[in-house]
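Chemist: Take a look at the following structure, please.
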Amino acid sequence: MKIAVIADIHENYHNLVEALKLVETEKCETILALWDYCNPWIVATILSLGVTTYLIWGDNDGKKSRISQRITLSKNGDISDDTYRFLKIDGLKICMTHFSDLWEIIAKSWEFDLVFCAHTHKKFEEKYGKTLCVNPWEISTQRWGICSFYIFDTASMEGKFMYVENPLKTKSDSVIEFQKSKWIYNAKTWKAKF
């Protein structure tokens, strides 16, 4: 079974639709959505594929009641009450978490085969003992200008990053230049010049 892992969408419909086209082409049977959808229509778009979809909450929840309503109305969506979730798919123990600060602790517990996290918009794929840990990067292109997600095949036990060609970037060069002129970026936080 192929599992698509998507994260950090931040209302970028164009990139989400292009990524979902690849999910269809790859014949994924399950989607793990690691949050930052921001609105119910993003969730409706994901669920429109008709693929079994497991969702979790994150730090950019938007209209929770409307999002929950969309998921309830679907026949293929299932959302956790929290920012993490434990699943068993094809005999594999999987942990989904929006927050990346948990993945290493969870991986080192040796209880899971797969740990998928998000939030940082930073791509990684690392193995800790038997546990594969992956951040699928971002659909939004907010941080890196690259639209990416991850597909894991439970039959071959291999995964790969998938990239949307010609993604729609959420920040134009003008926006980036403006931000640079008004803010100084520090690795941990944005600090105003004033």
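Only the coordinates and a few stated rules stand behind these numbers; no lab work does. Keep in mind it's a predicted model, so treat the numbers as computed, not measured.
Chemist: Quick check: the angle from helix 173-182's long axis to the longest principal axis of the chain, C-alpha only, nearest 10 degrees?
Modeler: The angle comes out at about 60 degrees.
Chemist: In whole Å, largest first, what are the principal axis extents of the Cα atoms in region 85-165?
Modeler: That gives 34, 28, 20 Å along the principal axes, largest extent first.
Chemist: Right, something else. Give me the one-decimal Kirkwood hydrodynamic radius in Å for region 1-127, with the sum taken over alpha-carbon pairs. Could you put the intermediate results ahead of the total?
Modeler: On the way: mean 1/r = 0.0680 Å⁻¹.
14.7 Å is the Kirkwood radius here.
Chemist: To test your reading of the geometry: what angle, between 0 and 90 degrees and rounded to tens, separates the Cα axis of helix 13-25 from the longest principal axis of the chain?
Modeler: Helix 13-25 and the main axis of the chain meet at about 30 degrees.
Chemist: Sum -39500 (n - 2.57) across every DSSP H segment of at least 4 residues in the chain, then divide by the residue count to get the 222 nm mean residue ellipticity, nearest 500.
Modeler: On the way: 5 runs with 46 residues, N = 194.
The helix-only estimate for the chain comes to -6500 deg cm²/dmol at 222 nm.
Chemist: Need the C-alpha centroid separation for region 152-170 versus region 78-114, integer Å.
Modeler: 19
Chemist: Give me the percent of DSSP beta bridges within the chain that run antiparallel, rounded to the nearest 5. Intermediate results must be reported in sequence, preceding the final value.
Modeler: Numbers: 24 of 42 bridges.
If I count the DSSP bridges inside the chain, around 55 percent turn out antiparallel.
Chemist: Rank C117, C28, C147 by mean-square fluctuation in a GNM of the chain with C-alpha springs under 10 angstrom and give only the top-ranked residue.
Modeler: In this elastic network of the chain, the residue with the biggest mean-square fluctuation among C117, C28, C147 is C28.
Chemist: Does anyone have the angle between helix 64-73 and the longest principal axis of the chain? Alpha-carbon axes, 0 to 90°, nearest 10?
Modeler: 30
Chemist: Rounded to whole Hz and in sequence order, give me ³J(HN,Hα) for region 91-98 from the Karplus expression 6.51 cos²θ - 1.76 cosθ + 1.60, θ = phi - 60°, writing x for Gly and Pro.
Modeler: So the Karplus estimates, Gly and Pro as x, are x, 9, 8, 10, 10, 10, 9, 6 Hz.
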